[in-house]
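The structure appears below as structure tokens.
Derivation of every value follows stated rules applied to the coordinates shown; laboratory data play no part. Predicted model only: the values in this text are computed from it and were never measured. Backbone-built Cβ (ideal geometry, glycine too); neighbour counts: all protein chains shown.
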Amino acid sequence: MKDFDDLRAVLELEQIEDNLYRGQSYRTPWGRVFGGQVLAQSIHAAQLTTPDDRMLHSMHAYFLLAGDAERPIVYDVERVRDGGSYTTRRVKAIQKGRTIFTMETSFQTPEEGLSHHQPMPDVPPPEGLLNDRQIGEALREQSPEIYRLTRIARPIECRPIEGTSLYTDPDVSPKQNIWIKALGSLPDTERMHQVALAYVSDYNLLATALLPHRRNLAARKFFLASLDHAMWFHRPFRFDDWLLYSIESPSAGAARGFSRGNVFTRDGVMVASVAQEGLIRYSRD
């Protein structure tokens, strides 16, 4: 998947019955469906049953089973409520007759109200920073695994503020800031920008929880998987301009890592928040 046109093709859903849609899967190198794909397709399925004037403001999801990247996914949308200002939808993602993922979504008619947000971290602009592929190239000999991961084609460009120091410094805090932007232009509809950000939001969350534990993990095989995921959309934004994804992991324990992030426009406006807990388990062999 080399640019946003490829991602948009993956996000296209076929309607097979009222409230029932089918989406194709991106064939990942690791064989399992990428969590961000299921997040984005589920949101899009909910959008297709919701009036155009209502924007997604929150979603809460659970990853139940690993998805097979070789098979399509069926999305079953339940119309829970259509109120005067809010619309609620419940989505089930199904493969082989089993529910692999569930999501609750809430949409709102835009309205004015009180407004405040925390300030954006003081970071350098994206211009002049290395992107993730360049960082992987710089670490090719020192960290072959990092190099291999950065070779995977993605529909976004990532420019980490911390650069190679995330992988070379002996003591790293579970925090990182990354400039992100879609590779290619997006349509003017706010809904598609929300879907694209949801897809990208699954990047780097669990990886942030791993940062202080690199030495321990390097000595043993381990398994990672997203368990749940939540997003809140605070204000309109465009994802074909740079956004700052500021991530921290306040806690890891009991074979789980918890991470949260805030998303800012390049002029400092906070537009979205994300939270996720993921499985971090040493391989039993």
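At a glance:
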| read-out | value |
| --- | --- |
| Tensor-based shape of region 1-110 (alpha-carbon gyration tensor, a/c under 1.5 rounded, otherwise prolate or oblate) | prolate |
| Cα centroid separation - region 26-71 against region 174-234, whole Å | 14 Å |
| Assigned charges on the beta-carbon of Lys, Arg, Asp, Glu; the chain dipole about Cα centre (debye) | 1140 debye |
| Percentage relative contact order, the chain, counting C-alpha pairs under 8 Å, at least six apart | 18 percent |
| Test item: Cα-centred dipole of region 1-110, Lys/Arg +1 and Asp/Glu -1 on Cβ, debye | 400 debye |
| Part-to-part distance (alpha-carbon centres) for region 107-137 and region 239-285, which is given in Å | 13 Å |
